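Notes to accompany the following structure.
The values are calculated or read from the model by the stated rules, or taken from the named source; none is laboratory data. This one's a predicted model, so the numbers in the text were calculated from it and none came from an experiment. Please note: Cβ atoms are built from the backbone with ideal geometry, for glycine as well, and neighbour counts cover all protein chains shown. Side chains included, ligands, DNA and RNA excluded: accessible areas come from the protein's heavy atoms. Shrake-Rupley method; radii C 1.70, N 1.55, O 1.52, S 1.80 Å.
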Amino acid sequence: MTAPFPTRKQEEWRYADLDALKPVWEQFAEPLTLTIGAGDSFEDVWVPTGDDVQVKRMSIALGAGAKARLFVLNTASVYGRIELQVSLEADANFELFAANIGDGQSTNEIVTNVRHIGERGRSRQVVRSVLGGKAVGSYLGKVEVARGAQQTDGEQSVKAMLLNRGATANCKPELEIFADDVKCAHGASVGELDETQMFYAQSRGLDPASARALLLEGFVMGLWDNVADEAQREAICAAARGALRRVA
Amino acid sequence: MLDIRNLHATVADKPILKGISLSVPAGEVHAIMGPNGSGKSTLGYVLSGRPGYEVTEGSATFDGKDLLALEPHERAAAGLFLGFQYPVEIPGVSSLQFLRESLNSQRRSRGEPELSGGEFIKLAREQAALLGMDVDMLKRPVNVGFSGGEKKRAEMVQMGIMNPKFAILDETDSGLDIDALRAVGAGINRIMRAPDKGVLLITHYQRLLDYVTPDKVHVLNAGRIVRSGGPELAHELEREGYAEAAA
Ligand SMILES: Nc1ncnc2c1ncn2[C@@H]1O[C@H](COP(=O)(O)OP(=O)(O)OP(=O)(O)O)[C@@H](O)[C@H]1O
Ligand SMILES: [Mg+2]
């Protein structure tokens, strides 16, 4: 039996494109599960497939001292959803570097639930969105710190760039903390391209579209600096560059 | 080469330039001096097409072309370069990528072949070295974390790479130490002193003009050129101040 189809009343599906999801729900109803054993490391790079609707739902359990690092580019032309449930035992480390890039009528969202169960866990989520047309880009990120998960260090850095009045960025970092000795930082901002930077680039010979693309590249590309595998880094950079040229 | 006639311009509906006429023939360097707020930077921005700087009257032609009809990037491709009074930082974009894309975009629109990665690095290394700058600085994001003086030196490296026909240099000397001033002065002469090139040198001080001798000096005050003269005018201004000299 598959899980029931979600409704917008559920917080984590609030901004979803359920019409686009409906026909493909069967294959995504059950999130993939991944267990990283104590002390092990996992790194992955998610590059878009090019399908109109792209959904990735994954639940990751990090054992004591385990590490997971994900680099994600979310840029579906209709609906893209990256959903992560992460639990961290003592000393585990989770890092997410993700971008939503959208234009037209697309909806791209990143929904995370990071649960610190053990002590001294560290999670870091960096999300950048670039949205043109009437695109919607969302980040819903919940960080839970369980009772006893002392010295947790959780960080969320979320920034969105809107290229068009019709575009929308939703950003909802959420903290639920049941321990007293924790550090949880979150910052969120929504902005537009800086006019002075635009003029500087144009005065050097870049036409407006190229100048925009270059500035946006600067905004997004830092996310992939630490991809260990060179070929994978190239792949995600190339895909992001392509998406930015489309949007800019 | 650059012909400005009766140029009026407003910023945020406020008249700033109030009828500037100025002609810089090929092969000449003209200095523009004038008190703070007199409109020097505004003139530079208007000539390079900054949005928000509106020309309300007059004309500017560059090699016979109507400069004011061109977009900023088309002016760059036509050979115009603005050295910024406050060079702009662009996080996340390396100077090398920024300059390579800019230069190749200019070359494309002029119908010239683009430079390959290797050719560009060679050029960048050469120009950085000539200005006494380590090419590694250009691997960093554009102007990010540069000191005031480093930014000005970097502007001159950019100018060397672009090799423009005409440069408007807005207080490139401000913020430079003595050695940097000498390097920048030599750079301006090397890059821009040629029979087919021209320079508009905006400055407050004689010291840069000791290295780059101007053919003419103009004094801008409240949006108008109130005096013009030879290199000796700059000395006079330095001695007597604007109030006396421009009276
Ligand atoms: N965006 C703006 N809105 C309103 N006024 C402006 C704006 N930009 C410039 N001005 C005004 O235009 C005038 C000329 O400024 P400009 O920067 O051209 O002076 P400047 O001669 O370069 O001065 P400095 O020597 O200090 O660099 C100033 O009075 C300034 O306040
Ligand atoms: Mg100025």
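Criterion first (closer than 27 Å to residue B:128 by Cβ, among the hydroxyl-bearing types (Ser, Thr, Tyr) and within 16 Å of ligand 1 (Cβ to nearest atom)) does residue B:41 satisfy it?
Considered against the rule, which asks whether it is closer than 27 Å to residue B:128 by Cβ, among the hydroxyl-bearing types (Ser, Thr, Tyr) and within 16 Å of ligand 1 (Cβ to nearest atom), residue B:41 comes out as yes.
Give the residues of the stretch B:60-98 that are at pLDDT below 95 and among the β-branched types (Val, Ile, Thr), sorted by residue number.
The answer is B:90, B:93.
Can you find, within the stretch B:73-108, the residue that is surrounded by the fewest Cβ atoms within 10 Å (Cβ to Cβ) among those that are of a type in the set (Gly, Ala, Ser) and more than 8 Å from chain A (Cβ to nearest Cβ)?
Top of the filtered list is B:94.
What residue, among those in the stretch B:222-241 that are open to solvent by less than 60 Å² (accessible area, probe 1.4 Å) and within 16 Å of ligand 1 (Cβ to nearest atom), is farthest from the other protein chains (Cβ to nearest Cβ)?
B:241
Report, by residue number, each residue of the stretch A:193-222 that is open to solvent by 40 Å² or more (accessible area, probe 1.4 Å), of a type in the set (A, V, I, L, M, F, W, C) and at pLDDT 95 or above.
If the condition is that a residue be open to solvent by 40 Å² or more (accessible area, probe 1.4 Å), of a type in the set (A, V, I, L, M, F, W, C) and at pLDDT 95 or above, then no residue fits.
Looking at the stretch A:179-206, which of the residues that are among the β-branched types (Val, Ile, Thr) and within 26 Å of the chain's Cα centre (by Cα) is farthest from residue A:132 (Cα to Cα)?
Among residues in the stretch A:179-206 that are among the β-branched types (Val, Ile, Thr) and within 26 Å of the chain's Cα centre (by Cα), the one farthest from residue A:132 (Cα to Cα) is A:182.
With respect to residue B:155, is the statement that it is at pLDDT 95 or above and within 16 Å of ligand 2 (Cβ to nearest atom) true?
Spelling it out, residue B:155 is indeed at pLDDT 95 or above and within 16 Å of ligand 2 (Cβ to nearest atom).
Checking the conditions here, which among B:161, B:168, B:202 is surrounded by 16 or more Cβ atoms within 10 Å (Cβ to Cβ), within 14 Å of another protein chain (Cβ to nearest Cβ) and within 16 Å of ligand 1 (Cβ to nearest atom)?
B:168
Mind checking which pairs have a first residue in the stretch B:1-19 that is farther than 20 Å from residue B:64 by Cα and within 16 Å of ligand 2 (Cβ to nearest atom) and a second that is open to solvent by less than 20 Å² (accessible area, probe 1.4 Å) and assigned to a loop (DSSP other than H, G, I, E, B), Cβ under 6 Å, 6 or more apart or different chains?
B:16/B:39; B:16/B:223; B:17/B:39; B:17/B:223
Kindly indicate which of A:14, A:57 is under 20 Å from the mean Cα position of the chain (by Cα) and open to solvent by 80 Å² or more (accessible area, probe 1.4 Å).
None of the other options fit; the residue is A:14.
So which of B:181, B:233, B:176 ends up being outside any strand (DSSP E or B) and in contact with a helix residue (DSSP H, G or I) (Cβ under 6 Å, 6 or more places away or on another chain)?
On inspection, the qualifying residue turns out to be B:176.
Against the definition (within 13 Å of ligand 2 (Cβ to nearest atom), open to solvent by less than 60 Å² (accessible area, probe 1.4 Å) and not hydrophobic (A, V, I, L, M, F, W, C)), how does residue B:59 come out, yes or no?
For residue B:59, the condition - within 13 Å of ligand 2 (Cβ to nearest atom), open to solvent by less than 60 Å² (accessible area, probe 1.4 Å) and not hydrophobic (A, V, I, L, M, F, W, C) - is not met.
Every residue in the stretch B:1-41 that is surrounded by fewer than 16 Cβ atoms within 10 Å (Cβ to Cβ) and aliphatic (A, V, I, L, M), please.
Across the stretch B:1-41, the qualifying residues are B:12, B:26.
Quick check on residue B:151: is it within 14 Å of chain A (Cβ to nearest Cβ) and within 16 Å of ligand 1 (Cβ to nearest atom)?
It is true that residue B:151 is within 14 Å of chain A (Cβ to nearest Cβ) and within 16 Å of ligand 1 (Cβ to nearest atom).
How many residues does the stretch B:20-38 hold that are over 13 Å from residue B:198 (Cβ atoms) and either within 14 Å of another protein chain (Cβ to nearest Cβ) or away from ligand 1 (no atom under 15 Å from the Cβ) (or both)?
1
Cβ contacts < 7 Å: first residue on the phi > 0 side of the Ramachandran plot, restricted to the stretch B:36-63; second residue in a strand (DSSP E or B) and within 6 Å of ligand 1 (Cβ to nearest atom), any location; separation 6+ or different chain. Result?
B:39/B:16; B:52/B:11
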